[in-house]
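To keep things clear, I will list the structure first and then write my remarks on it.
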Amino acid sequence: METELLSTEQLIIIKVLPLLFAITMHEVAHGYVAKLLGDDTAQRLGRLSLNPLAHIDPLGTVILPGLMLAMGGHFIFGWAKPVPINGGRLTKNPRWGMTMVALAGPSANLLMSLFWALLIHLADVMPNELYAVALVEMCKFGIMFNILLAVFNMIPIPPLDGGRVLVEILPYNMAQKFSQIEPYGFYILLGLMFSGIINIFVAIPMHLLRTLMMAVAGF
C-alpha cells in the first residue's frame, strides 16, 4: 500500500484519533482502577469519561503533539491532565492500591496497541485502496504511540507511573527520600532526553513490543 495516496494533511488527521484515544484511555484506566479499589474521586470529578475534552491538557494534548505531527517527526509524545487519586481511600493497603493504579495506565496502552494491531487486518477486506491505506497508517501509528506511552511512563522517575510504582514498593524511608525528586522529575526527563540516556530505559522494551505487535499486525 502506498502512503503517497494520502496528503500530509490527511496523514496528520488520521493520527489524531489514536493519539486522543491513547491519552484518554490511559487516564481513564487510572481512575477506573482507583474506583474499583475504593476511591471514586475521579468519577465524582467527571474524569472517568471517554470524552477527550474531560482530559485535555492544552500543552500536552494539543500544542506539543500537534507541532510534532505537523513537523512530520517520528517521535511524537503527549499527555493529559493527571487523574486525581486519593491514596488514603484505596483498599486496606494504600501502597498496593497506588501501585495497581499506577500500572493501570501503561497496561491500558499495551491493550490498545494490541487493539490497533488486530484492527489493521480489516484493511485486507476494504474495497477502496485509499481507505485501506488510511486504516493501515492509523493502526501503525496507534500501535507505536501506545507502545511509546506505555514504555515512557514506566521510566522509574516520579511523577511518571514507573516512578510512582517504585515509590510504593521501596521501603518506607527510601520511598520518602526518593519521592522528594518529583518536583524536579520533568527537568530530569528533559536532561535524559537531550543526552540520549533515556534510550537505556526505552530502546529495548520498545523494540521487543514493536516486534511483537507488528507480528500480530502481520508485518
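Here, each number is a calculation from the coordinates, and none is a lab measurement. Given the structure is predicted, the values throughout are model-derived calculations rather than measurements. A quick note on method: Cβ atoms are made from the backbone with ideal geometry, for glycine too, and the neighbour counts reach across all protein chains shown.
Normalised by 2.2 N^0.38 Å, where N counts its residues, the alpha-carbon radius of gyration of segment 136-219 equals 1.29. Volume per residue of the convex hull around the Cα atoms, evaluated for the chain, comes out as 132 Å³. The modelled label-to-label distance between Phe178 and Leu64, using points 7 Å beyond Cα along the C-beta direction, is 2.3 nm. Here the 3J(HN,Hα) profile of segment 143-154, calculated from phi with Karplus coefficients 6.51, -1.76 and 1.60 at θ = phi - 60°, is 4, 6, 5, 5, 4, 4, 4, 5, 5, 4, 5, 8 Hz, Gly and Pro shown as x. Reducing segment 81-98 and segment 41-56 to their Cα centroids gives an inter-centroid distance of 17 Å.
Our helix-only sum for the chain, with -39,500 (n - 2.57) per DSSP H run of n ≥ 4 divided by its residues, gives a mean residue ellipticity at 222 nm of -20500 deg cm²/dmol.
Taking the Cβ of Asp40 as the center, what net charge do the other residues with Cβ under 14 Å away carry, scoring Lys and Arg +1 and Asp and Glu -1? Result for the neighbourhood of Asp40: +3.
Computed from phi, the 3J(HN,Hα) profile of segment 51-67 under the Karplus parametrisation 6.51, -1.76, 1.60 (θ = phi - 60°) reads 6, x, 4, 6, 10, 5, 9, x, 6, x, 9, 10, 5, 5, x, x, 5 Hz, with x in place of Gly and Pro. How large is the translational diffusion coefficient of segment 11-66 in µm² per second when you combine the Kirkwood radius over alpha carbon pairs with Stokes-Einstein at 10 °C and 1.306 mPa s? D = 133 µm²/s. Backbone phi angles across segment 156-165, fed through the Karplus curve with coefficients 6.51, -1.76 and 1.60 (θ = phi - 60°), yield HN-Hα couplings of x, 10, x, x, 5, 4, x, x, 5, 4 Hz in residue order; Gly and Pro are listed as x. Under the simplified labelling scheme, the Thr8-Arg95 pair shows an inter-label distance of 5.3 nm, with each label point 7 Å from Cα along Cα→Cβ. Within the same chain, lysines fewer than 8 places from Lys92 are excluded, and of the rest, those with a Cα less than 25 Å from its Cα are Lys35, Lys177. Under 5 Å from the amide H of Asn86 lie the amide H atoms of Thr41, each residue being 5 or more positions distant or on a separate chain, with H modelled from the backbone and absent for Pro and chain starts.
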